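A short worksheet on the structure shown next.
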Amino acid sequence: MTVEETQKPDVEESLFEAPPMGEQERMVEAILFATAEPVTVKDMADRMPHGCDPAEALVHLRKRYEGRGVRVVKVADAWAIRTAPDLGFLMQKETVETRKLSRAAIETLAIIAYHQPVTRSEIEEIRGVSVSRGTVDQLLEMEWIRFGRRRMTPGRPVTFVVTPEFLDHFGLENARDLPGLKELRSAGLLENRPPPGAMPGMPDAEDEDDETIGQSELFED
């Protein structure tokens, strides 16, 4: 079979000229505005007329939104339109007030984000205390973490990694954009005091029966 024969369907479809780049840019803009979740370039290409180049259209669209009230941002391998970070305060009345994550949940989430892929035993080793099943289950339900590949070690333990939803919530393109320790402390996400068990005589606050741990362990009242 010749190259011409294998590509015949594409040749027939490509008889229709692709829309001008300005029109493609408008299409990408419409897709991003109408979709709450980030959209990949492949998904855009599947929705747009044959011959369109959403990747190039994104370059133009991103440039057009520079300095505006909203911007085109990359989330993992997908794209979305989000409010400019410096204007986030305008949305405060529109957001739902949520309870703060407990220190145990924040520490577990931070370890996964900074050390992914990481196993449960590795999380416990870093924290110095056991990780309750309730903490992990709730983070999974929030879709901020997910199961990663199993380790090729005895028992083949499952690993955990953060999700695109986590990156999107915190306005990150990828995990490499996570803030440093000083930034976390200044934002109040880390405490300067040592974790439970780090000093002699201090109890391990989370050494509890996994079956009795629920949402109250994850959230603070």
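What the table shows:
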quantity	calculated
Cβ pairs under 6 Å, 6+ apart, first in segment 33-51 and assigned to a loop (DSSP other than H, G, I, E, B), second polar (S, T, N, Q)	Gly51/Ser14
Restricting segment 52-69 to residues that are part of a helix (DSSP H, G or I) and of a type in the set (Gly, Ala, Ser), the residue that is most open to solvent (accessible area, probe 1.4 Å)	Ala55
Pairs with Cβ under 6 Å, 6+ apart, first in segment 11-24 and surrounded by 10 or more Cβ atoms within 10 Å (Cβ to Cβ), second modelled with pLDDT of 90 or more and assigned to a helix (DSSP H, G or I)	Gln24/Ala57
Segment 132-150, residues that are of a type outside the set (A, V, I, L, M, F, W, C), surrounded by 16 or more Cβ atoms within 10 Å (Cβ to Cβ) and in a loop (DSSP other than H, G, I, E, B)	Ser132, Gly148
Identity of the residue in segment 106-152, of a type outside the set (Val, Ile, Thr) and in contact with a Gly (Cβ under 6 Å, 6 or more places away or on another chain), that ends up farthest from Pro164 (Cα to Cα)	Gly128
Qualifying residue in segment 42-51 (condition: open to solvent by less than 30 Å² (accessible area, probe 1.4 Å) and modelled with pLDDT of 90 or more)	yes
Test: Val129 is touching a residue at least 24 places away in the same chain (Cβ under 8 Å), open to solvent by less than 30 Å² (accessible area, probe 1.4 Å) and assigned to a loop (DSSP other than H, G, I, E, B)	yes
Scan of segment 78-114 for residues that are open to solvent by 60 Å² or more (accessible area, probe 1.4 Å) and at pLDDT 90 or above, ordered by number	Arg82
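The values are calculated or read from the model by the stated rules, or taken from the named source; none is laboratory data. What you are looking at is a predicted structure, and each value in this text was computed from that prediction instead of being measured. Virtual Cβ from ideal backbone geometry, glycine too; neighbours counted across all protein chains shown. When the accessible area is computed, the model is the full protein with side chains, heavy atoms only, and any ligands, DNA or RNA have been set aside. Shrake-Rupley method; radii C 1.70, N 1.55, O 1.52, S 1.80 Å.
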